[in-house]
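S.K.: The structure that follows is given in the form of structure tokens.
The values are calculated or read from the model by the stated rules, or taken from the named source; none is laboratory data. Just so it is clear, the structure is predicted and the values come from calculations on it, not from any experiment. Heads up, the Cβs are rebuilt from the backbone with ideal geometry, glycines too, and the neighbour counts pull from every protein chain shown. We work out accessible area using only protein heavy atoms, side chains counted, and drop any ligands, DNA or RNA first. Shrake-Rupley method; radii C 1.70, N 1.55, O 1.52, S 1.80 Å.
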Amino acid sequence: MLTIREITCEDTKNKLGCDENFPRFSWLINSDDRDMLQTSSHLQVSTKKEFSTTVMDTGMRESNQSVLNEYTGPPLQPFTRYYYRVQIIDNRGEESSWSDPGWFETGIMDSENWIASFISPEGEDKPGDSAGWYLEKEIEIDKEISSARIYATALGLYQLSVNGEEPGENVLAPGWTNYDKRLLYQSYDVSSLLKAGKNTLKGHLGCGWYKGELMGGRNFFGKRNALSVQMLIRFTDGDERWIITDKNWKSNPSPVLFSEIYHGEIYDARKEKGEDNTPFSSKGVIVLQQDKSIISAQDGPLIKRQEILKVKKIIRTPRRETVLDFGQNLTGWVRFRVRGKSGEKVILKHGEILDRKGNFYTKNLRRARQEIRYILKGGEEELYEPCFTFQGFRYVHIKSWPGEIRAEDFDAVVVHSEMEDTGSFCCSSELVNQLHHNILWSMKGNFLDIPSDCPQRNERLGWTGDAQAFVGTAVYLKNTSNFYRKWLRDLKSEQTEDGGIPDVIPDVLSRKGRGKLVDPINPFHSSAGWSDAAVICPQELYMSYGDKRFLEELYKTMSRWISYVRRHSEDGLIWKKGFQYGDWLALDRKRGNSSFGATPNNFVATAFYANSVQIAAETAEKLGFRKDAESYSSLHDHIINAFRERFLDSQGHLKVKTQTAQVLALQFNLVPNDLKAQITEDLVQLIKESGNHLTTGFLGTVYLTRILAKQKRNDIACRLLLREEYPSWLYPVKLGATTIWERWDGVKPDGKMQSKGMNSFNHYAYGAVGQYLYGTVAGITPTEPGYRKIQIKPHPGEGLSHSRADLKSPYGHISVEWKIKTTEMNLSVSIPPNTSARVYRPVGNSSYMETEGLLLGSGNYKWTYPYKEKS
């Protein structure tokens with residue numbers, strides 16, 4: 001039977017606050033038949049739920065496209081709900097019924113429609129203050145309401161309530177952007193929260209990223225927090241009314257006495273009703289002059305509470321400290337229930353790890369205090385969770401608590417951007433399965449509106465190098481399409497006038513002192529492998545989701561970036577100038593230098609330069625810019641020739657004898673094809689000389705196992721994956737890690753900690769090996785953007801007898817499972833409707849039954865055949 005299983009608009013079935021002028025519609029197809037292909041589709045969009053009239057009706061048209069069908073009707077109107085549905089015909093002539101309808105609702109559509117003022121509390125005039133403020137207005141409702149919507153944003157962080165009820169599930173709104181150029185608003189349906197008579201609309205305001213402390217400074221974007229809210233009420237008689245923030249609102253200090261992203265929160269519950277129980281109206285507001293042209297709809301997923309973890313055990317440490325262990329390193333906060341006398345205090349300190357003696361350890365937090373202080377109002381049981389901060393932690397030291405400490409009084413609230421789970425992986429190694437778990441949890445811990453490096457110390461920045469290194473794994477684990485879209489728009493807005501790309505997005509490093517650089521040697525922008533995120537991320541996202549808009553939106557950014565590198569390169573070919581991170585934290589680094597790998601900067605930089613130019617050439621071709629494509633292709637050829645002349649010796653070996661050098665040269669096709677086998681063996685030899693372990697850092701590790709497998713040395717790749725001794729991926733797993741570490745030796749073999757200055761235990765960069773698990777071990781990769789065409793090429797390796805991976809692609813469910821039983825291979829494959837796959841059946845290590853693979857249509861397939869592990 002042919003049915004539509006799921007239909008979405010911009011990856012969401014029911015989307016509130018959609019300001020895309022040309023939204024796209026996608027659907028997943030269910031069919032019992034193999035080789036199913038869509039041949040025709042009929043798409044309707046209407047302002048009526050029953051579709052009695054339509055604003056777009058394609059009719060049943062010949063079309064095989066079930067992903068990203070663009071709206072082609074008349075211009076969409078602001079503040080309007082639209083319904084959409086589809087039916088299709090397949091290649092056997094079967095016609096589906098109409099899908100269940102979805103809806104999207106437009107918001108302001110144009111910043112000129114933002115009529116609300118930005119109001120700041122009258123007393124909020126201290127740049128160094130991080131106390132919370134309430135802003136409030138009472139409104140009278142005298143007619144029956146049809147619908148009510150709130151559109152809200154802030155300079156800082158805000159929480160909303162209508163008659164004491166929160167209108168949405170999101171937290172830490174409006175998130176973190178380049179507030180100088182991009183300010184996002186969120187949309188809320190508050191129809192059910194309003195009532196006849198008096199209603200109270202209240203905003204709670206905190207300093208957040210806008211004016212709070214970041215990397216040793218503060219007020220990077222402004223010195224005053226402000227709230228801007230507009231509410232559209234529609235009545236059943238056809239009337240409309242706008243409620244907006246203006247000079248008539250009132251303000252009062254909130255019980256949040258202090259709240260900072262790094263340091264935590266101080267909350268005095270005695271002040272919840274105001275000092276001396278005075279009524280809420282003691283102060284006025286200041287109307288700020290604010291550029292409203294930068295306001296646009298939320299374009300990434302909202303930050304939400306995702307799950308609740310219970311206390312695993314209560315620990316009494318050798319220092320006689322009481323510590324809660326939640327069993328998982330996470331990002332979020334602790335919600336607790338407490339009873340006591342007025343004025344008694346709860347003090348909680350958060351940390352990631354215990355030291356080798358079993359004591360609570362926080363030295364790696366640097367200046368971040370990660371502390372919650374709560375002052376009880378007394379009487380009944382009190383429930384609290386922080387308002388404007390978050391912590392990275394597994395352990396919580398209870399420094400002060402009234403009464404008995406009970407595990408059931410504490411919950412760990414896991415917080416991150418809401419992204420649909422799309423991938424799962426398991427295999428015969430429980431340690432590798434835990435590694436996969438750790439990769440996923442490091443992603444969850446660091447994908448909080450931006451892809452940050454870590455969630456605990458006084459940093460938590462959107463490092464471009466980490467984001468590009470991990471993007472190839474992220475797209476397997478979760479649907480990150482809108483998450484990366486939002487962040488790449490932030491990146492685009494931060495590009496420097498000369499085409500450079502900041503090292504962190506949003507860029508606070510070069511904003512220190514409001515734009516004055518604190519380090520003239522490192523300008524905090526334009527480093528190879530970091531700033532190349534502007535090129536690598538859009539390409540990876542395009543291949544995974546089939547969305548050409550990633551390329552269209554970032555093409556000029558790519559071009560300007562390449563022009564920047566070209567100007568900073570010798571003869572425009574060998575990139576030598578400027579600060580470089582190189583192969584950051586590689587183990588082959590020189591003694592006395594704790595961060596920079598041994599691979600020369602000009603080697604790493606030129607390799608990434610060549611790769612970005614090649615991607616730009618391919619992008620220009622896809623977008624129809626033929627002259628640009630030819631120009632970039634020619635430049636790429638010249639870079640390759642210069643690279644070979646500079647870095648290849650007369651015997652066809654690389655002059656640079658590091659693992660990362662061999663990996664990058666192979667991965668980016670910088671050496672002739674007839675030399676690849678030789679350089680692969682050089683890489684294998686370097687691994688052996690290092691004691692059969694890796695020495696790569698942030699850039700080399702990304703490609704290490706995958707390129708070994710591609711060069712038919714998956715035996716070595718699998719050996720590296722399964723290694724348990726330091727240094728390896730499984731070394732932290734054996735020590736009980738639940739997330740990925742920043743350093744291979746975050747905890748050294750003797751139990752001592754690495755440098756406290758840079759030693760995060762939740763840092764996803766080395767989790768890039770996840771791409772090897774899905775794309776190589778299981779063998780699922782797209783050969784046409786969005787997985788319209790799929791390659792399934794599993795790589796069984798010595799030490800693994802079983803693997804299964806599942807992936808929800810834009811077209812539906814893909815799965816690959818293989819099992820080795822002595823000399824027999826069982827292989828099962830699922831291919832989604834409206835796609836095809838080329839399946840390679842392994843018969844041994846790096847050898848396959850069919851040279852060209854089997855070309856198969858949709859359906860489920862199973863094979864059992866002879867297998868020889870070593871070949």
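S.K.: Restricted to the range 1-24, and to residues that are part of a strand (DSSP E or B) and over 19 Å from Pro78 (Cα atoms), which residue is farthest from the chain's Cα centre (by Cα)?
M.R.: Restricting to residues being part of a strand (DSSP E or B) and over 19 Å from Pro78 (Cα atoms), the top hit is Thr3.
S.K.: Take the residues in the range 156-186 that are over 14 Å from Leu227 (Cα atoms) and of a type in the set (Gly, Ala, Ser), then tell me which one is least open to solvent (accessible area, probe 1.4 Å). Spell out how you get there, then give the answer.
M.R.: Going residue by residue through the range 156-186, those that are over 14 Å from Leu227 (Cα atoms) are 162-171, 176-178, 180-182.
Pick out the ones that are also of a type in the set (Gly, Ala, Ser) and you get 164, 168.
Working: Gly164: 65, Gly168: 22 Å².
Once the filter is applied, the top-ranked residue is Gly168.
S.K.: Answer yes or no as to whether Tyr210 is under 22 Å from Val415 (Cα atoms) and in a strand (DSSP E or B). Reasoning before the result, please.
M.R.: On the way: under 22 Å from Val415 (Cα atoms): yes; in a strand (DSSP E or B): no.
When the stated conditions are applied, Tyr210 does not pass them.
S.K.: Can you list residue pairs whose Cβ atoms sit under 9 Å apart, with the first residue in the range 820-835 being over 30 Å from Asp32 (Cβ atoms) and the second being among the charged types (D, E, K, R) and not in a strand (DSSP E or B)? Count only pairs 6 or more apart in sequence or on different chains.
M.R.: Listed pairs, sorted by first residue: Ile820/Glu869; Thr823/Lys868; Thr823/Glu869.
S.K.: Do any residues in the range 88-100 that are surrounded by fewer than 13 Cβ atoms within 10 Å (Cβ to Cβ) have Cβ atoms under 6 Å from those of residues that are assigned to a loop (DSSP other than H, G, I, E, B) and at pLDDT 95 or above, where the two are at least six apart or on different chains, and which pairs are they?
M.R.: From the range 88-100, no pairs qualify.
S.K.: Would you mind telling me which numbered condition in (1) outside any helix (DSSP H, G or I); (2) within 23 Å of Ala665 (Cα to Cα); (3) in contact (Cβ under 8 Å) with a residue 60 or more places away in the chain Asp547 fails?
M.R.: It fails just one condition, (2).
S.K.: Given the criteria in contact (Cβ under 8 Å) with a residue 40 or more places away in the chain, more than 30 Å from Thr236 (Cβ to Cβ), open to solvent by less than 10 Å² (accessible area, probe 1.4 Å) and not in a loop (DSSP other than H, G, I, E, B), does Leu205 qualify?
M.R.: yes
S.K.: Counting only residues that are more than 31 Å from the chain's Cα centre (by Cα) and among the small types (Gly, Ala, Ser), how many does the range 117-154 have?
M.R.: 6
S.K.: How do the helices (runs of 4 or more DSSP H) wholly within the range 700-819 filter down when requiring 3 or more residues that are touching a Ser or Thr at 6+ places or on another chain (Cβ under 7 Å) and either more than 30 Å from Asn834 (Cβ to Cβ) or touching a residue at least 60 places away in the same chain (Cβ under 8 Å) (or both): which remain?
M.R.: 700-710, 714-722
S.K.: For the range 376-409, enumerate the residues that are of a type outside the set (Asp, Glu), out of contact with any helix residue (DSSP H, G or I) (no Cβ under 8 Å at 6 or more places or on another chain) and closer than 24 Å to Phe447 by Cα.
M.R.: Pro386, Cys387, Thr389, Phe390, Gln391, Phe393, Arg394, Tyr395, Val396
S.K.: Do we have Lys657 as outside any helix (DSSP H, G or I) and either surrounded by fewer than 18 Cβ atoms within 10 Å (Cβ to Cβ) or modelled with pLDDT of 95 or more (or both) here?
M.R.: yes
S.K.: Here is a follow-up. If you go through the range 660-696 one residue at a time, how many are under 18 Å from Ala586 (Cβ atoms) and assigned to a loop (DSSP other than H, G, I, E, B)?
M.R.: 8
Residue by residue, here is whether (1) more than 24 Å from Cys18 (Cβ to Cβ); (2) touching a strand residue (DSSP E or B) at 6+ places or on another chain (Cβ under 6 Å) holds:
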site	(1), (2)
Ile108	no, no
Lys126	yes, no
Leu135	yes, yes
Ala154	no, yes
Lys202	yes, yes
Leu205	yes, yes
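S.K.: Right, next: Return only the number of the condition from (1) farther than 27 Å from Tyr484 by Cβ; (2) assigned to a loop (DSSP other than H, G, I, E, B); (3) in contact with a strand residue (DSSP E or B) (Cβ under 9 Å, 6 or more places away or on another chain) that Thr389 does not satisfy.
M.R.: Of (1) farther than 27 Å from Tyr484 by Cβ; (2) assigned to a loop (DSSP other than H, G, I, E, B); (3) in contact with a strand residue (DSSP E or B) (Cβ under 9 Å, 6 or more places away or on another chain), only one is false for Thr389: (1).
S.K.: Would you check if there is a residue in the range 329-336 being in contact with a helix residue (DSSP H, G or I) (Cβ under 9 Å, 6 or more places away or on another chain), open to solvent by 10 Å² or more (accessible area, probe 1.4 Å) and either in a loop (DSSP other than H, G, I, E, B) or more than 18 Å from Cys387 (Cβ to Cβ) (or both)?
M.R.: Checked against the condition, which is being in contact with a helix residue (DSSP H, G or I) (Cβ under 9 Å, 6 or more places away or on another chain), open to solvent by 10 Å² or more (accessible area, probe 1.4 Å) and either in a loop (DSSP other than H, G, I, E, B) or more than 18 Å from Cys387 (Cβ to Cβ) (or both), the range 329-336 yields no hits at all.
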